[in-house]
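The values are calculated or read from the model by the stated rules, or taken from the named source; none is laboratory data. Quick caveat: nothing in here was measured; it's all calculated off a predicted structure. Backbone-built Cβ (ideal geometry, glycine too); neighbour counts: all protein chains shown. Accessible surface is based on the protein model in full, side chains and every heavy atom, while ligands, DNA and RNA are left aside. Shrake-Rupley method; radii C 1.70, N 1.55, O 1.52, S 1.80 Å.
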Amino acid sequence: MKRVKLCVLIIFMIISMSIYTLYTLGKRNIELYKYLDQIKQIYLADKNDQRIEPLLAELGGYWRDYYVNISFLIQSSQLGDISDSVARLYPLWQSDCDEFLSEIESIRYQTALLYDNEFPNLHSII
Amino acid sequence: MLIIFFRAIILYALVIFAIRLMGKRQLGELQPSELVITILVSNIATLPIEDINLPMTTGIIPILTLVCVDVIMSAITLKSRKFRRIICGSPKVIISHGKVDQTQLDRLRMSNDDLLAVLRGQDIFDISQVQFAIMETTGSISVMKKQSQDTLTPQDLNIQKEDTDPPIVVIEKGKIIKSNTDFLQLKPKDIEKICLHNKCTPSEVFLMTLDGSGNSIIIKENGK
């Protein structure tokens, strides 16, 4: 009976941790989108606005933190692609490249996909 | 490299824990569900060790989930006979009243050679000696010989023998095993007395066994 109780406890812990992780992932995504939206808004208003630079640095820092927290859940190759996009933002902005906005959208899309894949939808399970 | 090293250690500990969690039954004969779990666990455990891109959770969570579900399922099978039949199947009689059930053998996809091999494994070389044989859910075959072919027992010869427990180890390499002395309802002092009677101390004993009737066997350590 002790074993059964321990197993029920472990299952309960796994489910709780999964729900908590999903919640944290969602919360972190919202925070990330705030940064992305802010950068996008400023960029659309004025491409050379100097407020973008510190924001990009903040975004980089935030992503590092996000990466560490989520790497125990998600395959590192998936996170690597997003890291590449985050790292590319600053040089793209400096070179006044059109791909800057598409890279922002790419980060948003990939992180949304991460959350969707973690959510126990039927298509994700199967 | 160090990552793989640490991952291997963590997963080794986890697999040991998982097998211990499944209980002693797991180490003996496997039920169908336990066989599945064992194969799955061994496969899952290798994935995060080999591929450092995979998070450890991809190994830890499925292993723990599978083992826990199996333990919970076996607890349910203890309560429900119907559920047990679904999960573990039921034993099948293959020889009854000395006759081989050929239909059942076909159903079990078991050839005559297989049956004879199993019987030979139980020291039965003549199938006519078998009264009853049953294939258990674990895949092993239990055999009952005909009364005329069965081994004689003291009871058959009307010999009275006292029922005693087998001897158990009470001292190993000079150390008294408390759980075993407790089982025999003896105190360390009693053990020391027996040792003194054999002209030694517990620390000089390599192996000492004792049965319920108080019969002891003492093997002293070399050079003592």
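Under the criterion of Cα pairs below 8 Å and six or more residues apart, the relative contact order for chain B equals 13 percent. Rounded to whole numbers, the Karplus 3J(HN,Hα) couplings from phi for region A:63-79 are 5, 4, 5, 4, 4, 4, 5, 9, 5, 6, 10, 10, 3, 5, 5, 5, 6 Hz, using 6.51 cos²θ - 1.76 cosθ + 1.60 with θ = phi - 60°, and x at Gly and Pro.
Just A:Leu113, A:Leu89, A:Leu79 to compare: in a GNM of chain A, with alpha carbon springs under 10 Å, which one fluctuates most? Result: A:Leu113 has the largest fluctuation of those listed. Annotation: cysteines of chain B without a disulfide-compatible partner (Cβ-Cβ under 4.7 angstrom) are B:Cys88, B:Cys195, B:Cys200.
For B:Ala8 and B:Ser213, the difference between the fully extended length at 0.36 nm per residue and the C-alpha to C-alpha distance is 68.9 nm. Taking every alpha-carbon pair under 8 Å whose residues sit at least 6 apart, region B:2-86 reaches a relative contact order of 35 percent. I'd like the distance between the alpha-carbon centres of region B:132-185 and region B:45-76, rounded to an integer number of Å. First find each Cα centre; the distance between them is then 38 Å. Listed by number, the DSSP H helices of chain B that run 18 Å or longer by alpha-carbon position along their axis and have mean Kyte hydropathy of at least 1.0 are B:2-22, B:32-50, B:57-79. Heavy-atom accessible area for A:Asp84, with the other protein chains in place and a 1.4 Å probe, reaches approximately 80 Å². Charge dipole of region A:48-120 (Cα centre as origin; +1 on each Lys and Arg Cβ, -1 on each Asp and Glu Cβ, all else neutral): 220 debye, rounded to the nearest 20. Per-residue Karplus couplings for region A:38-46, computed as 6.51 cos²θ - 1.76 cosθ + 1.60 with θ equal to phi - 60°, are listed in order as 4, 4, 4, 4, 5, 4, 5, 6, 8 Hz, Gly and Pro entered as x. Here chain A is treated with +1 on each Lys and Arg Cβ and -1 on each Asp and Glu Cβ, and its dipole about the Cα centre works out to around 1020 debye.
Counting Cβ atoms of other protein chains within 10 Å of each residue's Cβ and taking the mean over peptide A:4-12 gives 5.
List the lysines whose alpha-carbon lies under 23 Å from that of B:Lys145, not counting same-chain residues fewer than 8 positions away? Hits, sequence-local ones excluded: B:Lys92, B:Lys99.
Ordering B:Arg107, A:Arg88 from largest to smallest accessible area (1.4 angstrom probe), what's the sequence?
If we order B:Arg107, A:Arg88 from most to least accessible, we get B:Arg107, A:Arg88.
Pairs of Cα atoms nearer than 8 Å and 6+ residues apart set the relative contact order; for region B:32-163 it is 19 percent. For region B:144-157, the Karplus equation 6.51 cos²θ - 1.76 cosθ + 1.60, evaluated at θ = phi - 60°, returns couplings of 10, 6, 5, 3, 5, 9, 6, 6, 5, 10, x, 5, 4, 9 Hz by residue, with Gly and Pro reported as x.
Taking the dipole about the Cα centre of the protein assembly as shown, with the C-beta of Lys and Arg at +1 and of Asp and Glu at -1, give me whichever of B:Leu210, B:Ser111, A:Leu79 is farthest to the positive side. Sorting the options by dipole projection puts first B:Leu210. The 1.4 Å probe gives accessible areas that order A:Met13, A:Met1, largest first, as A:Met1, A:Met13. Taking Cα centre as origin and charging only the Cβ of basic (Lys, Arg, +1) and acidic (Asp, Glu, -1) residues, the dipole magnitude of the protein assembly as shown rounds to 1720 debye.
Amide H contacts of B:Val205 (H built 1.01 Å from N, in plane; Pro and chain starts excluded): B:Gly174, B:Glu221 sit under 5 Å, all sequence-distant by 5 or more or on other chains. Can you give the log10 of the normalised intensity I(q)/I(0) at q = 0.09, 0.10, 0.12, 0.13 Å⁻¹, computed with Debye over equal Cα scatterers of chain A? Here the Debye-derived log intensity ratios amount to -0.33, -0.40, -0.53, -0.60.
Projecting label points 7 angstrom from Cα along Cα→Cβ for B:Leu116 and B:Gln160 puts them 4.8 nm apart.
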